[in-house]
Amino acid sequence: MKPRKIPLRRCSGCGESRPKRELVRVVRAQDGTVSLDLTGKKPGRGAYVCPSAACLAKARRAKRIERALEVSIPEALYNAMADEIARAESERAAAGQGEVDAG
Ligand SMILES: [Zn+2]
């Protein structure tokens, strides 16, 4: 089996590098609109944050996503990110529950 290279990206909140697919991506398209990218496949410049409310809050406070993308992030997009992160966190909690039951 060929070892697969995992692309790493840096979280805008805590600054740690993590596998790209574990992070929430925000992308700025060529026309300057920013959106949440759940597929990781939208074209444009991306910024990343861990699926963690704490990291999102940090990134937001320090305006790291704005700086990375050189664009202002609308309130609605931060809310969408928070929603997505909350969903990911509850999924993780549910998965953790399963592990506890199995173990
Ligand atoms: Zn982080």
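The values are calculated or read from the model by the stated rules, or taken from the named source; none is laboratory data. This structure is a prediction, so every number in the text was calculated from the model and none was measured. All Cβ positions, even for glycine, are placed from backbone atoms using ideal geometry, and neighbour counts span all protein chains on display.
Only one of Arg60, Arg10, Arg21 is in a strand (DSSP E or B), within 16 Å of the ligand (Cβ to nearest atom) and under 23 Å from Ala86 (Cα atoms); which? Explain how you work it out, then say what you get.
On the way: Arg60 fails: in a strand (DSSP E or B); Arg21 fails: in a strand (DSSP E or B).
Checking each option against the conditions leaves just Arg10.
For Ile65, all conditions in the list (1) part of a helix (DSSP H, G or I); (2) at positive phi hold save one; what is the number of the exception?
(2)
Does region 75-82 contain at least one residue that is at pLDDT 95 or above, out of contact with any strand residue (DSSP E or B) (no Cβ under 9 Å at 6 or more places or on another chain) and either surrounded by 12 or more Cβ atoms within 10 Å (Cβ to Cβ) or not in a helix (DSSP H, G or I) (or both)?
The answer is yes, given that some residue of region 75-82 is at pLDDT 95 or above, out of contact with any strand residue (DSSP E or B) (no Cβ under 9 Å at 6 or more places or on another chain) and either surrounded by 12 or more Cβ atoms within 10 Å (Cβ to Cβ) or not in a helix (DSSP H, G or I) (or both).
Every residue, every condition in (1) in contact with a Leu (Cβ under 8 Å, 6 or more places away or on another chain); (2) of a type in the set (Lys, Arg), yes or no:
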| residue | (1), (2) |
| --- | --- |
| Arg18 | yes, yes |
| Val34 | yes, no |
| Arg45 | yes, yes |
| Cys50 | yes, no |
| Arg60 | no, yes |
| Lys63 | no, yes |
| Glu89 | no, no |
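Check Pro51 against each of (1) surrounded by fewer than 17 Cβ atoms within 10 Å (Cβ to Cβ); (2) within 15 Å of the ligand (Cβ to nearest atom); (3) in a loop (DSSP other than H, G, I, E, B) and name the one condition it does not meet.
All conditions pass for Pro51, except number (1).
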